[in-house]
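Peer 1: Starting off with a structure, shown below.
The values are calculated or read from the model by the stated rules, or taken from the named source; none is laboratory data. Predicted, not measured: the structure shown is a model, and the values here were computed from it. All Cβ positions, glycine included, derive from the backbone under ideal geometry; neighbour counts span all protein chains shown.
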Amino acid sequence: MKIPVLKLLSFLVLTTSLCAGTYDLLSELFSLQAPDTLQYHRSRIDYSVSHQELYRASRNDTLLSRFSLRAQDLKLNFKLGETSLFASWERGLPNMDDLFQSDYTHSEFKSVYHTFDFQMDTKIKRWHIQPGLSLNFSGTADTLFITDYPRSDQAAFNSFFFDLLPESFGDSIHFKHNAYSINAEFLARNKKITFYASYRFNSNSLTESHMNSSSYSSLSGPRESIAKLNNSRIKFKFAYVIDPANYMWTGIDFGHYPLDWHHTIYPGDPIPSEVIQIAGGQNNSYQAQLGYRTTLKNFHIGTSITGGHIVLSDTASTPVLGYFIGFFPISHQADLDLRTSYLLGKFHADHVWTINRSYIKPRLDIIALRSWSDIDFEALLEFGLEDIQVQDQYIHSAYFFAVGCSVSIALNSDLFLDIDLEQLIPYVKTISPEPPPPPPPDGTKLYGGLSVNIGVSMTW
């Protein structure tokens, strides 16, 4: 009985984080790597389309349900003497329908994002200076349909929680999500050393509206709330060239993720007992990395080790769901404190075979992760319902194997066909406490880990 309550009380915070920025946060979580510079030494134009999958479960066994991200990318690089000007545009269509497909909900969630990237590389005496600016915009609007609500085998939980949900939220929730991010970066390098710094700010806003059909006039009518999840990240990297074949770097990364979710519209003036703030919290992350890369002819080997710490401190509340004996407002609250430390090692190897102006580059990436988490969860349930408090320590291990290959085929002296394939194979295990035995198969299909990119490029 405790598990459904925990899931429902944390649904507000989890849905916000998943809809409003988690896609970006996950993609950047372990993004520290060797400082990069402009790749092109000639004027060049590239156009490509890509298909990528996240590793996830799906009950909808169709080809469309396997799409996690489809994107098209256009890149331009102009070489003007000692100066290079680079610009790119990417349009992506994330498909996350499976996120809301459950026994209780369904939605046709679709989103569109646009990314614009601008960089310049110029030489000042012995230094190459490379400033850059990246802008990202995304948005979606849809409806979450609620087909059913859970029940409990305990009458008190039904009376004070589950029975009140249908009239509080109805059978549909309309939502609108908008996000933008700005990333400013600066890189300076010479023959021996490289400095890199970047600052990224992400702003996410999720607005939802639903109809409350409560018999209490103070609660019934249209309801609307707005959730804001902003985050800022600062990165610093330093690299040193030991000799032309050996290269090492180090870097640090700080992130801050405040969460704020408020009611904004009521049928009238809010009653004094109403819960105005639905969720809030202060979340931070810190990580540092040390890496090394070597080149042996056309064979490249790189390795790095990353250590980090994540601190989450969030509170989520239900709005007033009803009244006990017509007077005492019924509302529930959950507090979550999570502290996670992790250690991550990465190994990379690739080899380039060149045939005239064409090349093929197979590669292998191996990532090993070990995390230690302290979780303190407390659900404050009213009027005779037991309070739920969970204090646990977890140890997880995860391994990711990625096998890929990049191919560039020269169609003539200036035109190339570019193909990139990669397959990711993840393995995640709970070491402590001992996980329960896996449930029997329920027909759910597991997809993910595939990335396909096909494009054309031209140089001059």
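Peer 1: Please pick out the residue among 341, 313, 273 that is of a type in the set (S, T, N, Q), closer than 30 Å to residue 378 by Cα and buried (at least 16 other Cβ atoms within 10 Å of the Cβ).
Peer 2: Just one listed residue meets the conditions, 313.
Peer 1: Here is a further query. With respect to the numbered conditions (1) modelled with pLDDT of 90 or more; (2) hydroxyl-bearing (Ser, Thr, Tyr); (3) crowded, with 16+ Cβ neighbours inside 10 Å; (4) more than 17 Å from residue 257 (Cβ to Cβ), which one is the sole condition not fulfilled by residue 181?
Peer 2: (4)
Peer 1: Further question: List the residue pairs whose Cβ atoms are under 6 Å apart, where the first residue sits in segment 111-128 and is touching a residue at least 60 places away in the same chain (Cβ under 8 Å), the second is β-branched (Val, Ile, Thr) and in a strand (DSSP E or B), and the two are 6 or more positions apart or on different chains.
Peer 2: Note: pairs meeting the criteria are 111/140.
Peer 1: Related question: Evaluate the following for residue 263: is it assigned to a strand (DSSP E or B), under 23 Å from residue 201 (Cα atoms) and not aliphatic (A, V, I, L, M)?
Peer 2: For residue 263, the condition - assigned to a strand (DSSP E or B), under 23 Å from residue 201 (Cα atoms) and not aliphatic (A, V, I, L, M) - is not met.
Peer 1: In segment 258-278, what residues are β-branched (Val, Ile, Thr) and modelled with pLDDT under 75?
Peer 2: 265, 271
Peer 1: If you check residue 454 against the conditions, is it assigned to a strand (DSSP E or B), at pLDDT 95 or above, in contact with a strand residue (DSSP E or B) (Cβ under 7 Å, 6 or more places away or on another chain) and farther than 26 Å from residue 344 by Cβ? It would help to see each step written out before you state the result.
Peer 2: Numbers: assigned to a strand (DSSP E or B): yes; at pLDDT 95 or above: no; in contact with a strand residue (DSSP E or B) (Cβ under 7 Å, 6 or more places away or on another chain): yes; farther than 26 Å from residue 344 by Cβ: yes.
It is false that residue 454 is assigned to a strand (DSSP E or B), at pLDDT 95 or above, in contact with a strand residue (DSSP E or B) (Cβ under 7 Å, 6 or more places away or on another chain) and farther than 26 Å from residue 344 by Cβ.
Peer 1: Mind checking which residues of segment 270-291 are part of a loop (DSSP other than H, G, I, E, B) and under 21 Å from residue 257 (Cβ atoms)?
Peer 2: If we filter segment 270-291 for residues that are part of a loop (DSSP other than H, G, I, E, B), which is where we start, we get 270-276.
Those that are part of a loop (DSSP other than H, G, I, E, B) and under 21 Å from residue 257 (Cβ atoms): none in segment 270-291.
Peer 1: When you look at residue 375, is it more than 25 Å from the chain's Cα centre (by Cα) and of a type outside the set (D, E, K, R), yes or no?
Peer 2: no
Peer 1: Kindly list the number of the only condition in (1) surrounded by 15 or more Cβ atoms within 10 Å (Cβ to Cβ); (2) at pLDDT below 95; (3) under 27 Å from the mean Cα position of the chain (by Cα) that fails for residue 381.
Peer 2: (3)
Peer 1: For residue 429, which of the numbered conditions (1) in a strand (DSSP E or B); (2) in contact with a Phe, Trp or Tyr (Cβ under 9 Å, 6 or more places away or on another chain); (3) in contact (Cβ under 8 Å) with a residue 40 or more places away in the chain; (4) of a type outside the set (Ser, Thr, Tyr) fails to hold?
Peer 2: Result: residue 429 fails condition (3) only.
Peer 1: Just need a number here: residues in segment 104-146 that are more than 20 Å from residue 72 (Cβ to Cβ) and of a type in the set (Gly, Ala, Ser).
Peer 2: So the answer is 3.
Peer 1: Let me ask something else about it. Looking at segment 242-257 only, could you name the residues that are of a type in the set (A, V, I, L, M) and modelled with pLDDT of 90 or more?
Peer 2: The answer is 242, 248, 252.
Peer 1: Give the number of residues within segment 389-426 that are surrounded by 15 or more Cβ atoms within 10 Å (Cβ to Cβ), hydroxyl-bearing (Ser, Thr, Tyr) and in contact (Cβ under 8 Å) with a residue 40 or more places away in the chain.
Peer 2: 2
Peer 1: Within segment 116-133, how many residues turn out to be in contact with a Phe, Trp or Tyr (Cβ under 7 Å, 6 or more places away or on another chain) and either crowded, with 18+ Cβ neighbours inside 10 Å or within 28 Å of residue 167 (Cα to Cα) (or both)?
Peer 2: 1
Peer 1: Read through the list (1) closer than 30 Å to residue 365 by Cβ; (2) at pLDDT 90 or above; (3) in contact with a Phe, Trp or Tyr (Cβ under 8 Å, 6 or more places away or on another chain), then give the number of the only condition that residue 298 fails.
Peer 2: (2) is the only condition that residue 298 fails.
Peer 1: Give me the residue from segment 41-60 that is in a loop (DSSP other than H, G, I, E, B) and within 29 Å of the chain's Cα centre (by Cα) and, out of that set, modelled with the highest pLDDT.
Peer 2: 53
Peer 1: Something else now. Hey, does segment 148-161 have a residue that's on the phi < 0 side of the Ramachandran plot, of a type in the set (A, V, I, L, M, F, W, C) and modelled with pLDDT of 90 or more?
Peer 2: The first filter runs over segment 148-161 and keeps only residues on the phi < 0 side of the Ramachandran plot, leaving 148-161.
Add one more test, that the residue is of a type in the set (A, V, I, L, M, F, W, C), and what stays is 155-157, 160-161.
Checking the rest, the ones that are also modelled with pLDDT of 90 or more come to none.
No, segment 148-161 has no match at all.
Peer 1: Specify the residue that is modelled with the highest pLDDT; the eligible residues are those in segment 427-451 that are aliphatic (A, V, I, L, M) and either surrounded by fewer than 12 Cβ atoms within 10 Å (Cβ to Cβ) or under 25 Å from residue 363 (Cα atoms) (or both). Explain how you work it out, then say what you get.
Peer 2: Looking only at segment 427-451, we keep the residues that are aliphatic (A, V, I, L, M), and these are 428, 431, 446, 450.
Applying the additional criterion that residues be either surrounded by fewer than 12 Cβ atoms within 10 Å (Cβ to Cβ) or under 25 Å from residue 363 (Cα atoms) (or both) yields 428, 446, 450.
Working: 428: 85, 446: 67, 450: 82.
Selected residue: 428.
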